[in-house]
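Heads up: the structure comes next, in structure tokens.
The values are calculated or read from the model by the stated rules, or taken from the named source; none is laboratory data. None of the values given here were measured: they were computed from a predicted structure. Cβ sites come from the backbone with ideal geometry, for glycine too, and all protein chains shown count toward neighbours. Calculation scope for accessible area: heavy atoms of the full protein, side chains included, ligands and nucleic acids excluded. Shrake-Rupley method; radii C 1.70, N 1.55, O 1.52, S 1.80 Å.
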Amino acid sequence: MFGLQLISPFNKLADAGLMPDRAEPRKRRLQQESLPAWYQAIKSLGPKQRDLLILLAMTGLRRNEGWSIQRKQVDFVNCVLHIPDTKTAQPHSLPLTPLVFELLIRNCEGMGNDQLLFEGVSAEHLSDMAERAGAPKFMLHDLRKMLATTGEQLGFSDAVLRRILNHKAKKSDTLHRHYVQLSVNDIHNPLVTIQDRLMELMHNEKKDH
């Protein structure tokens with residue numbers, strides 16, 4: 001504005017080729033063929049630790065989004081899980097599929113509205129605990145990537161997967177940023193299908209899809 005030009009030293013560094021490369025995303029350690037061993041290992045953990053890992057695997061929630069769930073965020077009447085604080089700064093919501101409903105209702109029993117469902121669980125050490133129990137090496141974010149990969153293999157659209165994972169479309173993608181809006185109900189059946197497939201993989205069951 002007003003002819004003001006701000007000079008950034010980063011422009012000169014970029015012109016000289018001295019800017020560092022962007023960090024590459026970490027490769028997923030946990031593979032589909034390792035899911036049976038992973039599942040067997042986490043079943044031996046404490047119930048809270050086990051349920052949090054399954055919840056992350058079946059919803060694609062980020063670590064802190066799953067660990068910090070309070071009783072008041074779980075709506076069993078309308079079958080919706082509300083996540084108010086997210087990485088994208090946009091509130092998120094997911095349907096309570098039968099699998100997630102069963103998992104959450106046992107963890108909500110006797111809880112006050114402001115209590116954490118997974119209080120006492122160290123989210124930072126979950127993967128280490130599972131590996132000590134015999135699970136293959138993995139990072140919690142691998143579970144989110146596994147859900148996305150499985151959804152892609154099953155043929156669900158980018159819009160559906162973005163809605164499940166609470167990913168924003170690129171700024172240039174006007175269609176998906178401003179026009180396509182999917183509700184909780186829109187992603188219920190896709191999420192059930194993805195969860196069913198993940199459970200098949202964990203139980204080493206082969207079915208046609």
With the other protein chains left in place, how much accessible area per residue, in square angstrom, belongs to region 56-192 at a 1.4 angstrom probe?
-> 53 Å²
Rank E152, E131 by accessible area, highest first, at a 1.4 Å probe radius?
-> E152, E131
Cross-link list K72/K168; K48/K87; K48/K168; K48/K145; K87/K137: which exceed 28 angstrom alpha carbon to alpha carbon?
-> K48/K168
Ignoring everything but the protein chains, give the 1.4 Å probe accessible area of F156 in square angstrom, nearest 10.
-> 50 Å²
Quick note, region 45-115: a/c under 1.5 would make it rounded; otherwise a/b > b/c is prolate and the rest oblate (a ≥ b ≥ c, C-alpha gyration tensor); here it is rounded
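With a ≥ b ≥ c the root eigenvalues of the C-alpha gyration tensor of region 24-73, is it rounded (a/c under 1.5), prolate (a/b larger than b/c) or oblate?
Numbers: a/c = 2.71, a/b = 1.25, b/c = 2.17.
The shape class here is oblate.
Around H82, what is the net charge, scoring Lys/Arg as +1 and Asp/Glu as -1 over all other residues with Cβ under 9 Å from its Cβ? Write out the running numbers ahead of the final one.
Details: positive: K72; negative: D75.
Counting the neighbours of H82, the net charge comes to 0.
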By accessible area of protein heavy atoms, probe 1.4 Å, what ranking do D142, D15, D128, D114 get, highest first?
-> D15, D114, D128, D142
